[in-house]
Structures are given as structure tokens and as C-alpha cells.
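Values quoted throughout were computed directly from the atomic coordinates according to the rules given, and no laboratory measurement underlies them. Owing to the predicted nature of the structure, the values given are computational and were not obtained by experimental measurement. In this analysis, Cβ positions are derived from the backbone assuming ideal geometry, glycine residues included, and neighbour counts consider all displayed protein chains.
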Amino acid sequence: MNIRNIFLAGALAFSQFLTAQTNKPITVAIFSLNDFHGAFVQNKSQGIPGAPSVLQCLDSLKSVYPYNLTVAAGDNFGGSYFYNATHGVLLPVFFNDMGIRISALGNHEFDDGQKVLAEKWKNDPLRPAGWDIEYLCGNVYDQDGKVPSYLKPFATADIPLSPTKTLRAGFVGLLASSAKEQIRAKNIVGMIFSGNYTHVLDSIEALPDFKTVRDAQIRSLLVHIGTYMKNGKPAWTDKNEAELYAIKSPLYQSILSGHSHEPVCGRINDAEYPVVQGWWHGNYISVMKYQVDTTSMKVLSVEPEIVRVALKDKSQLGPVPLRLQAQIDSLLVSTKTKGGVSIGTKLTVATEDMPHDRAVKYVESRMGKLVCSSFAEAFRKIAKKSDKEVIIGMSHFGSIRGGFSKGDVSVLEVGEALPFSNPLKVFKLTGRQLHDLVDFGYHNKRYGWIQTANLETQRDADNNVLKMTYVSPKGKRVTIKDKGTYYVCADEFMTTGGDGYDPKFFPRSQEVKVSLPETTDAFITYLKKQKSIH
């Protein structure tokens, strides 16, 4: 071989080497945040990292995986007193910083009603210019079978790989059919939540515009449907789980889930779909890592991962997370309750830890008794009832989202423990009606035990209620009799079908019309009068 041919051969080999390097498979990451619930404020005792720490973690992940897209898996808000008190003004700021413009629809997205959901922060004074969000859900529709205008069954987004090459990601959204039981009835009048998931997906895939998803290189189910780890492997937790296990289409490469507040990572169904869920409150960021051949633009493999978010002090935050922290701090001072108190104000002191763990739901917690006492005493004071009057405060387990840690208890901490500020309702029930209601509450396996105050129960080995005794705040004992009548004070959500409680337990004809504070305000007022709690 002469020198010229040797040179040409060397040049060709070097060219092929460069081409091979250029066409080397790359990792494209889809990040997902699920069940954030507006948890902007860090709470070290509860392990809540706060929005700035979540943003800091995501920024670090993006530096590792420069080809990326971030989405949300629903319940972005709801269950946060800070979010409710500040009217959610920081959510568009936070999501814009994270790059979230696509989200699954969660049950809490309905908290403020369909009109507010449809507006999507259009009037938010802090909404960044150009930011918007698409909510995805294909199995919620009206009586005519139409998906509401504020929802889309699917969406796509482009991920730039180079100045000339783009990869497309497609997402199809679903919401747990049981979510209807966790939404205020008045907010979803006439809406159908279908659990026939396979039929819904078939219908979506038949739509003409679905070609945009079918042609996308990355295709994922973005669902607010619960998963959990069972014997080391992901499993569905849903009343229509058989339908979910029947999903086997090769069209989908992964599942991004939320709703059940469990850390989940692995593969699910016979199709072995990679699936992730990142607990809640931003404790984890879910990552779906796609190996992509940039020549054929085909996905070679998909690996799931969940990354724990570390709680960061202000000194550890980068410029953008630090700016977000400053906005949070400002709102803690400027945002006030209806009574004009800053939400950072101290109310009382907990002399010991008072846990209320949603994962340990077959108990009557001390926190539950305290909350229910505040309901009863709010009615007693406003209705001017004597201490001799039997008034029983009660709550469904899920309305209480956490307990108190030993130490100072502020308005914010009270609100975060009881964030769903629902109207209080009062009913005068017979002892027999009260028995049936409480007995159901001790058999509510899906949502957890009923919480009550000043009510002692005797139950048999099967948890059936045998006897009930009211114990007044001053210690007087009254046996509950079937034919007697007694006041019951509970939140509106519970009395209208929430968390599995049949509205028949609360007959409208037996409602006592009285103007009461909402649940969280009643709790705040009650705690202000307590020097300490335990």
C-alpha cells in the first residue's frame, strides 16, 4: 500500500471513529414529580424537603442527564395549608422553574372546582410569561361521553438532542376510577370516572390525532393510579386492578404513576413495563432512563429509578432555588388567616410527639381526638350549648394529613396537618344512627378508621361496636342509647360521601342549621386556648 492509500485509509478509519462516537446511544431522562400536594415549605420533622430542595435536586439530575423532560403525575396541589392560604400563587413559578408543562390529572386537581381547574392560574399575578400546563386524562368524561375541554387524553413534547435533531415523547393520561370517592361531590356533578381502562386506551388509540403519540420515539402512560411494592415487585392498588393488569400493548414503553404515596420502582404487568412512583411531597424524583440510538432514533432499553431528595439549607441552594425560597419566606410573613394572624405565628406547644401516620390507618390517634374535639367545641360555643350537652366531633381518617412533633406548633403546622378546610356540618342523630355510622367507621378498610372525640366504644373481636359512652370535657359519662338523640359535628366532605361514608349516614332532614367556622379555622381557634397539648 502506498503512502497516499495509507493516508486515505487512516482518514477513513478516523472518520468512522468520529461517526461511531457521534452515533453512540445517548440516555434521555423523563423526570416525574407525583403527589407534591403543594408542599412548598420544608418540614424536617416530617421529612418534607420543600420546593427549593426539590428544584435543587432536579437541577443536579439535569446536569447528569442533559437530554431530558419533566412531567407531573397529578395531585400537584391539595392537602397543603400553605398552598391554600396563598392561593397557590407559587405553583406556576415552581413548575416553570422545573420545566413542567404536562401533568396527569389527580383527584386533588378538582379541589377548587372545574371552573378553577379550567382557568389554570390564568389570573395568577406570579404566573411566568409563556408558561402553561396541559392536564392529561382519558377516562373522565361527562354524561355524553365527552372529555371536558380542560383535559386532553394525550400530549406530546419535543426534546432537543442537537441543533438539527429532536426526539418526541408522547404521554397518555389516566385517573383512578375510585378517585370519585375522594372528591367533593359538588365539584364533579355529572362526571363519569371509568375503570374500564383497556377500553379507554383502545378508544384513545383510535383517535385520528393519536398518530402524534404513535409516531413518538418515547411513549409512556402518565397515570394518577396507585402502585406499591409487593414482595419486592410493583403491583397495582386499584378497585379495577384487573383492568390495569390486562394492559399489554407494546406501544407503551413505561408507566409514570402517582396517587398511592408509595416509593415504587421496578417492572409491572406481563409486558414488564418499567414503572416508577416517588412517594409524595417531593420526597423522591422519579426517573425513567431511555437508551436511544440517535441514528435510527429508536429506544434500545428503558430503566426506572427513583432518587431521594435531600433536605437542603438555604446556604446549600443555588441561585434559582434560593430565589424560590425567598418567595416562600415572604409569603409566610405576609399571608394571614381570616383573623389577621400570619401563618407563621406560634399557637401552642406539643409536650410530646403526636403522630398521625396515614400508613397506619387502623387506629384512633391522639391527633384525631384533638381535631375532633375542636369541631365539637366550635359548635358548643357558637350554638351556646352547655357542657352537659352530648356533642361528638368526628372525622374521616384521611382528612388529617399528619401529626405534630414535640415543640412549638404554629398556624402553618396546624394547617399542614389539617389542610382541607371544609365547612363543618352538624346533625342530630339517634343513638341507633350514631351506632351504625361509628360501626361503619371501624370497618372502613379502604380509608382507615373513623376518628372521634369524647366517645368511648366497646367492640368485639370483629370490631363490631357493642356499646358507646360519651365522656364530657369535664369527665361526666353518658351511655349512648338507641332512642336517644345526640349532636354529631363533622366536615362536609365526610357527610356527602367522602372516603366511603354513605350520605345516608347524615340525613339532610336531621341537619342542624348553624354557621360554623371551617375545619382548619376551628382547629386553630381551639389550639390558641391550649397552653400545651399532649
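Here are the numbers for the structure shown:
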quantity: Principal axis dimensions, region 209-335 - Cα atoms, whole angstrom, descending; calculated: 51, 41, 31
quantity: Of the DSSP H helices in the chain, those whose Cα atoms cover at least 18 Å axially and whose Kyte score averages 0.5 or more; calculated: 3-22, 51-64, 319-334
quantity: FRET efficiency estimate (nearest 0.05) - Cβ-Cβ, Asn196 to Tyr228, R0 25 angstrom; calculated: 0.65
quantity: Under 5 Å, built H, 5+ apart or other chain: amide partners of Lys406; calculated: Asp353, Met354
quantity: Gyration tensor (alpha-carbon) shape descriptor, region 175-278, a/c threshold 1.5; calculated: oblate
quantity: Mean separation of Cα contacts under 8 Å (6+ apart) over length of region 25-326, as relative contact order %; calculated: 23
quantity: Helix-derived mean residue ellipticity, 222 nm - over the chain, DSSP H n ≥ 4, -39500 (n - 2.57), to 500; calculated: -7500 deg cm²/dmol
quantity: Two-site label geometry, Lys62 and Ala310: point separation in nm, points 7 Å out along Cα→Cβ; calculated: 1.9
quantity: Approximate spin-label separation Lys428-Asp482, in nm, with each point projected 7 Å along Cα-to-Cβ; calculated: 2.2
quantity: Net charge of neighbours whose Cβ lies under 11 Å from the Cβ of Asn34, counting Lys and Arg as +1 and Asp and Glu as -1; calculated: -3
quantity: Most to least packed among 472-483, 63-74 [average Cβ atoms within 10 Å]; calculated: 63-74, 472-483
quantity: Hydrodynamic radius (Kirkwood) for the chain, which is based on Cα pairs only, to one decimal in Å; calculated: 25.2
quantity: Charge sum, other residues only, whose C-beta stays under 15 Å from Glu241's C-beta, Lys/Arg counted +1 and Asp/Glu -1; calculated: +1
quantity: Inter-label distance for Glu272 and Asp329, nm, one decimal - labels placed 7 Å from Cα along Cα-to-Cβ; calculated: 5.1
quantity: Cβ-Cβ FRET estimate between Gln510 and Ser301, R0 fixed at 60 Å, reported to 0.05; calculated: 0.45
